[in-house]
Amino acid sequence: MKKMSEFYELLAQQAQALIDGVVYPIANYANLSALLYQSLTEINWAGFYLIEDGKLVLGPFQGKPACIEIDIGKGVCGTAVERDATIVVKNVHSFPGHIACDGASMSEIVIPMHRNGEIIGVLDIDSPVESRFTEEDKLGLEEIVRIIEKGQEV
């Protein structure tokens with residue numbers, strides 16, 4: 001297994017410190033979206049979509065206003081839920097069915113989140129830079145999601 005970079009190790013520590021002892025998921029998502037938005041370079045959106053009534057619904061985020069609802073299986077977020085897998089898109093304009101909430105976005109990473117074995121939503125981060133997200137970002141952001149998931153275990 002690859003080791004996280006020093007940057008993501010520090011970011012994971014900050015994320016853990018933010019949610020330690022906090023039992024309010026929405027507050028945690030809000031703080032973590034702010035942490036990611038302030039810490040990552042060359043991004044224009046960082047936030048969460050949560051599953052409600054069989055679709056993804058906009059949750060806490062940082063950035064421009066976003067799409068309110070996304071059907072499972074549609075766009076990058078819905079596809080990540082359908083596949084239950086992280087998706088890294090180098091150029092969103094080449095992703096079939098991409099949903100353009102912000103025309104400036106060029107690349108995207110989406111990581112499913114789970115609670116008690118069920119997908120509850122996704123962490124979604126967009127960038128105005130093509131091919132912005134690397135394997136280092138994938139590993140580091142998946143660790144941030146694991147921290148979120150551990151904080152929500154019942």
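The values are calculated or read from the model by the stated rules, or taken from the named source; none is laboratory data. Keep in mind that what you see is a predicted model, and the values were worked out from it rather than measured. Note that we place each Cβ from the backbone using ideal geometry, even for glycine, and neighbour counts take in every protein chain shown. Protein only, heavy atoms only, side chains kept; ligands, DNA and RNA dropped before computing areas. Shrake-Rupley method; radii C 1.70, N 1.55, O 1.52, S 1.80 Å.
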Quiz prompt | Tally, over segment 125-154, of residues that are open to solvent by 10 Å² or more (accessible area, probe 1.4 Å) and more than 14 Å from residue 11 (Cβ to Cβ) | solution = 15
Self-check item: Single condition residue 85 does not satisfy, out of (1) open to solvent by 20 Å² or more (accessible area, probe 1.4 Å); (2) under 16 Å from residue 137 (Cβ atoms); (3) in a helix (DSSP H, G or I); (4) of a type in the set (Gly, Ala, Ser)
Solution: (3)
Quiz item: List pairs: first in segment 62-87 and more than 19 Å from residue 145 (Cβ to Cβ), second small (Gly, Ala, Ser) and surrounded by 13 or more Cβ atoms within 10 Å (Cβ to Cβ), Cβ under 6 Å, 6+ apart or cross-chain?
Solution: 71/78
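Got a number for residues in segment 95-154 being outside any strand (DSSP E or B) and among the hydrophobic types (A, V, I, L, M, F, W, C)? Even if it seems obvious, please write down each step before you answer.
Restricting attention to segment 95-154, the residues satisfying the condition of being outside any strand (DSSP E or B) are 95-106, 116-117, 128-154.
Then drop every residue that is not among the hydrophobic types (A, V, I, L, M, F, W, C), which leaves 95, 99-101, 104, 106, 129, 133, 139, 141, 144-145, 147-148, 154.
The qualifying residues number 15.
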Practice problem: Using the structure shown, decide if residue 59 is in contact with a helix residue (DSSP H, G or I) (Cβ under 9 Å, 6 or more places away or on another chain), open to solvent by less than 20 Å² (accessible area, probe 1.4 Å), small (Gly, Ala, Ser) and under 19 Å from residue 32 (Cα atoms). | Solution: yes
Exercise. Kindly indicate whether any position in segment 15-23 is closer than 22 Å to residue 134 by Cα, surrounded by 12 or more Cβ atoms within 10 Å (Cβ to Cβ) and more than 13 Å from the chain's Cα centre (by Cα).
Key: yes
Quiz item: Does segment 92-102 contain any residue that is open to solvent by 40 Å² or more (accessible area, probe 1.4 Å), closer than 23 Å to residue 29 by Cα, among the aliphatic types (A, V, I, L, M) and touching a residue at least 40 places away in the same chain (Cβ under 8 Å)?
Solution: no
